[in-house]
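This report concerns only the one structure given below.
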Amino acid sequence: MAQELIQTQEQKLLQRQRLTQQQMLQVHLIEMPLTQLEDAVRAELDDNMALERSSEDGDINMYDDIETGTGTETEAREEALDLALDNIGRDDRMEDITAYRTANTAAEHEEMVFGDPVSFYDKLREQMAEHDLTQKQKEIMEYLIGSLDNDGMLRKSLSDICDELAIYHYIDTTEQEIEEVLNILHDFDPAGIGARSLQECLLLQIARRPAGRLQDLMKEVIEQYFGEFTKKHFNKIGQALHLTDIQTQTLINELRRLNPKPGAALGETQGRNIQQITPDFIIDTTLDGTITFSLNRGNIPELKVSQSFLDTMKAYHDNKAGMSKEAKQQLLYVKGKVERAQGFIDAIRSRHETLYTVMKTIIHIQRPFFLDGDKADLRPMRLQDIADHTGLALSTVSRVCNEKYAQTKWGIFKLREFFTEGITTDDGMVLAASEIKSVIKELIDNEDKHKPLSDQKLESMLKERGKPVARRTIAKYREQMGIPVARLRKE
């Protein structure tokens, strides 16, 4: 019996949550550290004539009373408005928030004063031309290169990169597509670039070694005996691979020639000035225990919507009846510029309020540290704790704490340094990881170097101090601090 194809229509009610353009702008500005925000403000002042510095701003106003060929900057802006209205069809394209990220990327290239003017990232971008990439792959590759740290490693997860590409660059992609582009990046020089872990970094370098028995052994060590290799248990490796002492030593010497920081081969940035850290928060502690803080405004001026644009929009509204098609287009253009300027001002204000709320909560929880500057006094604190106290989303708190610095009486710290994990003992006591690490370091610093303390001995000594911690936890913290095992500390 023949089957008949039938087309039907049905209605479905779907609920979807989408970020508005204004919300995306707010999210992006919150994530920016102060230096990048300054660049974004300058870029927006240049791009949007409806946005101006407030005349009440105490900072030096680069736009007020600057002589131009036709008068002051205010007059120039009014003439620019007239010119823009005359060319409504040519320059009325509204730019999205990706313009701010582009401006930030350009701002990262500081003045070159000596040496090779090509940066670490530029050298990687030059190698893109050697591969046949689609436009989408090129955009993903650009973002991956920009996400590398100074060691040339990719610390972000592919899922985070996928989300960031969708939010900031409107690139709809999948983790599989990003993985494919990342594999292409792994073919770039130097070997190991773009690795997501030390183990992957070493394996990428081994893959470029000449094929043979030595390459096979090196690969086997990193894949099968990586733990023993990092702990320098070379005798165990040699025995497992049935190698003589000379063969083992030759193998280890070759492995030690691998570069754990491939980005250092190119330099963080060649011929570039050293980047100075600019704190986003300034925290002051007085002798009576009072803690105050403020947001560092830097060179960000007070912003306002241009009065000439507001007057023009009001004039159009007053004469709305019988308005020509051209006049309506001009009204829409002016209205769009004004709304964008007001949206940018609101986003800056929202950023200040959010940062203030998060920092106030951090100081409240970590008050003992801000009083004496001793990291051992840092209490267990997670991003979720700040989110619970403030009512903000966890993702918002994470963006606030990303790449932000606080200047205190005790030095400049990354906000992430105020967050520390905690462990709960059998009797319900909660101990901060930083406190445990501080005690472990103190005990090891004062140990007899001819008879160094084992992890088991450290466990018993911590217990005597009222800090019962498991031996495996002590070993984990010791490795995090870069302290070798007892037999390697022996002199």
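The values are calculated or read from the model by the stated rules, or taken from the named source; none is laboratory data. Everything numeric in this text was worked out from a predicted model, so none of it was measured. Glycine gets a Cβ as well: all are built from the backbone with ideal geometry, and neighbour counts include every protein chain shown. Note: accessible area is taken over every heavy atom of the protein model, side chains too, but ligands, DNA and RNA are not part of it. Shrake-Rupley method; radii C 1.70, N 1.55, O 1.52, S 1.80 Å.
Taking first residues from the stretch 281-308 that are over 25 Å from E38 (Cβ atoms) and partners that are charged (D, E, K, R), the Cβ contacts under 7 Å between residues at least 6 apart in sequence or on separate chains come to T285/K409; I291/R367; S308/R77; S308/E78. Looking at the structure I just gave you, is I206 open to solvent by less than 40 Å² (accessible area, probe 1.4 Å), in contact with a Phe, Trp or Tyr (Cβ under 8 Å, 6 or more places away or on another chain) and more than 30 Å from K136 (Cβ to Cβ)? The answer is no for I206.
Does at least one position in the stretch 373-381 carry a residue that is modelled with pLDDT of 85 or more and either over 22 Å from L25 (Cα atoms) or out of contact with any Gly (no Cβ under 8 Å at 6 or more places or on another chain) (or both)? Checking the stretch 373-381: at least one residue is modelled with pLDDT of 85 or more and either over 22 Å from L25 (Cα atoms) or out of contact with any Gly (no Cβ under 8 Å at 6 or more places or on another chain) (or both). For the stretch 366-483, the helices (runs of 4 or more DSSP H) that sit wholly inside it and include 3 or more residues that are touching a residue at least 60 places away in the same chain (Cβ under 8 Å) and surrounded by 17 or more Cβ atoms within 10 Å (Cβ to Cβ) are 394-401. When the stretch 340-365 is limited to residues that are touching a Phe, Trp or Tyr at 6+ places or on another chain (Cβ under 9 Å) and of a type outside the set (K, R), the one that is surrounded by the most Cβ atoms within 10 Å (Cβ to Cβ) turns out to be I362.
Evaluate the following for N319: is it surrounded by fewer than 18 Cβ atoms within 10 Å (Cβ to Cβ) and touching a residue at least 40 places away in the same chain (Cβ under 8 Å)?
The answer is no for N319.
Let's see how each residue does on (1) buried (at least 18 other Cβ atoms within 10 Å of the Cβ); (2) at pLDDT 85 or above:
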{"site": "L214", "(1), (2)": "no, yes"}
{"site": "Q224", "(1), (2)": "no, yes"}
{"site": "F234", "(1), (2)": "yes, yes"}
{"site": "T250", "(1), (2)": "no, yes"}
{"site": "G267", "(1), (2)": "no, no"}
{"site": "G271", "(1), (2)": "no, no"}
{"site": "F293", "(1), (2)": "yes, yes"}
{"site": "N299", "(1), (2)": "no, no"}
{"site": "S306", "(1), (2)": "yes, yes"}
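Name every residue in the stretch 34-51 that is open to solvent by 20 Å² or more (accessible area, probe 1.4 Å) and either among the polar types (S, T, N, Q) or not in a helix (DSSP H, G or I) (or both), in order of residue number. Answer for the stretch 34-51, where residues must be open to solvent by 20 Å² or more (accessible area, probe 1.4 Å) and either among the polar types (S, T, N, Q) or not in a helix (DSSP H, G or I) (or both): T35, Q36, M49. Scanning the stretch 273-291 for residues that are at pLDDT 85 or above and surrounded by 11 or more Cβ atoms within 10 Å (Cβ to Cβ) returns P279, D280, F281, I282, I283, D284, T285, I291.
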